Structure formats: structure tokens, C-alpha cells
Amino acid sequence: MYEYPQRIYMEQKQCQYYSVCPMKRFYERGKLDKKWIDRYCKGDYDNCVRRKMEESGKWHPDYMLPDGSIDHSLI
Ligand code: SF4
């Protein structure tokens, strides 16, 4: 009976851009600490600066972290 709403909840616990986001790619290559994925992509994604800029159509570099800081080591 409660299976359907729970499934919806689980789906919402990950940012909708995760599959195409550079952060996923950097993480899978071992260049990005898991804390970023846990904190933003699979957590508080509403406060991700990358996500906000994506949704407002503002350009941002692939090496910009979810908090808006720049990490040149990701290049
Ligand atoms: S970095 Fe931001 S935009 Fe990218 S998947 Fe994570 S929460 Fe979404």
C-alpha cells in the first residue's frame, strides 16, 4: 500500500542532473571526494550552486564545485 509513495521519495533523493553532471564523472574517476556527492547530489541538491545556475541558464565551468568554489585540479 505504501510502496508507491516511498519509491517517489527515493527518486527525489538524487538530483535530477546527476547522470549528466561533471561532478558524477569526476567522482567516478576518483578526482572528487564522495562528500560532495553525499552532501549535494544525493542530499541537499536544492542548495547546489551548479544546479541553480543550470536552472537559470547561467554558464558555469565543469570544475566549479556544488558550493560555487572553483577547483582547478578537476580540469
Ligand atoms: S553537482 Fe549539483 S547539479 Fe550536479 S548533480 Fe550534484 S546537486 Fe545536481
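Points worth noting:
- Count of residues meeting criterion [assigned to a helix (DSSP H, G or I) and under 13 Å from Gln14 (Cβ atoms)] in segment 28-75: 8
- Residue list for segment 19-31, restricted to those being more than 8 Å from the ligand (Cβ to nearest atom) and buried (at least 16 other Cβ atoms within 10 Å of the Cβ): Phe26, Tyr27
- Test: residue in segment 38-51 that is loosely packed, with under 15 Cβ neighbours inside 10 Å, of a type in the set (Lys, Arg) and at pLDDT below 95: no
- Within segment 32-40, one or more residues are of a type in the set (Ser, Thr, Tyr) and near the ligand (Cβ under 6 Å from one of its atoms).
The values are calculated or read from the model by the stated rules, or taken from the named source; none is laboratory data. Predicted model only: the values in this text are computed from it and were never measured. We place every Cβ from the backbone using ideal geometry, glycine too, and count neighbours over all the protein chains shown.
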